[in-house]
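Report on the structure given below.
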Amino acid sequence: MSVEEIFKKHGLKMDTKPKYSLYTYDQIINEVEQTSKDASEIIGFSPENCKIFLYHFKWNSMKLAEKFYDASTPKDFIKKNGIKYILDDTLNEDTVIVGECKVCKVIKDVAILSCSHLFCFDCWKSHARTAKEKLQDSDVLPYLTCDFEGCKAPIPETFTLQLFRDPETYHFYQHMIIQSFIQSNPFYKWCPNKANDCNLAVKIDSSKVEEITCECGFTYCFNCDDLPHSRFPCILIKEWKNKSYSREDMYAKSHFLGCVYDFRQESIKLKNEFQELSILEKMNDESMEFSKIAIKFLHNFRQRSLYFYAYCFFLENEQIFTNFQSNLRILLNTATTLLEETFLTTASTLMIKGSQTIVTNPKVLKVMPFSEDKQMEVLEILLKIQTQLEAQLKSFYEDDWKFKNKEIEQAMLECKY
C-alpha cells in the first residue's frame, strides 16, 4: 500500500486534480496566436482582426461566434457590436501610394489606412515611438492607432512591427498583446508573487476555481490574490485586514489575531524545516513521504483555520465558537509537536555540489523514522482536525448567523447557493 493510500484509507481527503493549468510566457504567446487562428477559422476574418474582436469580447471565443452568427452579415456584426474599425490586413511596407502625409505635409510615399488617412513611414515611426506610454488609452488595445485628430483606427500588428528593427520595441508591442490577453480574459491571471519575479500565468477551467498553487510555491486566491480562503468570500478577508474598529473590537481582534499569528508562524516554521530536510533525504523513502503528506495536510488545516477565526470575529455573538477555537488549537498544536519530534533540523547552510549535498556549519540534524504506532497517532489527530473543520463549515453554511457587517452576511448567503 502506498503512503497516499494509507491517508485515504483512514478517511483523510486528498486534494483532487487541480482544475487549472500553468503557462510560461512563451506558452501564453502561443495561446494568443492559436485562439486567434481558431476564431479566424470560425468567422472567416483574419487572425489579426480576430484579435481585436476577441479583445472586445474579453477573449471569449464562444461569445464572439455567437454574436457573429446572430448578425445578418459581417458588416451588421461589426455595427451591432460597436466595433468602429477593422484592420486593413493588406497594409505593409509594399502597399504604398504617392500622396501628401497628414503630419509633415510632404508629398512622398505614404501608407494608406482603412480610415483613408495617409502617413509617410518616417512619421509613422516617430508616432509609434512616442505612443508607447499612451498605448493604454487606445480604444483597441494593444494596437497603435491612427495619429490623425480624433481618429482611432487600429494599425495591424504586422505593420507596426515592420516599422521597427530593434528587439526592445518589438517586444514592447508583443508584451502589450500578451497583457491584453491576460487582463481581458477572466480565466487567465499572472502569478501575483512579485517577490520571486514569477512570470507564470494560470488558466482556470471554470469560474468556481479559487485556490491556485504556482510552481514558484506561492498559493493564492484567484479572485483577490490573497491567501486562499476556499468557501469564504473575498470580502470577509478584505474587511478582516482593512476595517477600522472601535477599542472594544480591537481588543477582540487582538485575541483572534494572536491565535492566527501563532498558527501561521508555526506552519511556516514546520514547512521550512521540512524543506531543509527534504534536501538531505530521498523523497521515495516511506517515512519522508509520510512526513511530506502529513505536513501538507497540517499546513492546509492551519490555513483554513485562519479564516474560521475571521468568520467568528464578524459574528454578532463571537463567543459561540470559543470552544471550537480552543479544541482546534489543541489538535493543531498536538499534530505539529508529533511531526517536529520526528525530524528536527536547524542546519544553517546547505550547499549542493554536483550530486552531493554538503551541510556546512550544522547545529542540529536529527532524523527519526516514523513507527507504525506514530503514523497511526498522526493520522488519527489529522482526521479529528478534518472532521471538526468540516462540521464547523457545515454549521457556517446551514445555520443563519447574524453578522456585524451586512455585506459579509449577504456574501455568505450567496456562497450557500
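The values are calculated or read from the model by the stated rules, or taken from the named source; none is laboratory data. Bear in mind the structure is a predicted one, so any value in this text is a computation, not a measurement. Cβ coordinates were reconstructed from backbone atoms using ideal geometry, including for glycine residues, and neighbour counts include every protein chain displayed.
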When Leu257 is run through (1) farther than 18 Å from Leu339 by Cα; (2) modelled with pLDDT of 50 or more; (3) surrounded by 15 or more Cβ atoms within 10 Å (Cβ to Cβ), the failure sits at (2)
For strands (runs of 3 or more DSSP E) lying entirely in region 286-360, having 1 or more residues that are at pLDDT 75 or above and exposed (fewer than 13 other Cβ atoms within 10 Å of the Cβ) picks out none
Among residues of region 168-188 being out of contact with any helix residue (DSSP H, G or I) (no Cβ under 7 Å at 6 or more places or on another chain) and not in a helix (DSSP H, G or I), the residue nearest to Glu211 (Cα to Cα) is Phe187
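Considering each of Lys208, Lys238 in turn, give the residue that is modelled with pLDDT under 80 and within 30 Å of Glu316 (Cβ to Cβ). Step through it out loud before you land on a result.
On the way: Lys238 fails: modelled with pLDDT under 80.
Exactly one of Lys208, Lys238 is modelled with pLDDT under 80 and within 30 Å of Glu316 (Cβ to Cβ), namely Lys208.
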Restricting attention to region 78-120, the residues that are closer than 16 Å to Ala153 by Cα, part of a strand (DSSP E or B) and at pLDDT below 80 number exactly 2
With criteria (1) in contact (Cβ under 8 Å) with a residue 24 or more places away in the chain; (2) buried (at least 16 other Cβ atoms within 10 Å of the Cβ), Ser40 comes up short on (1)
When Lys125 is run through (1) at pLDDT 75 or above; (2) under 33 Å from the mean Cα position of the chain (by Cα), the failure sits at (2)
Residue count, region 201-238, condition touching a residue at least 24 places away in the same chain (Cβ under 8 Å), closer than 18 Å to Ser305 by Cα and part of a loop (DSSP other than H, G, I, E, B), comes to 7
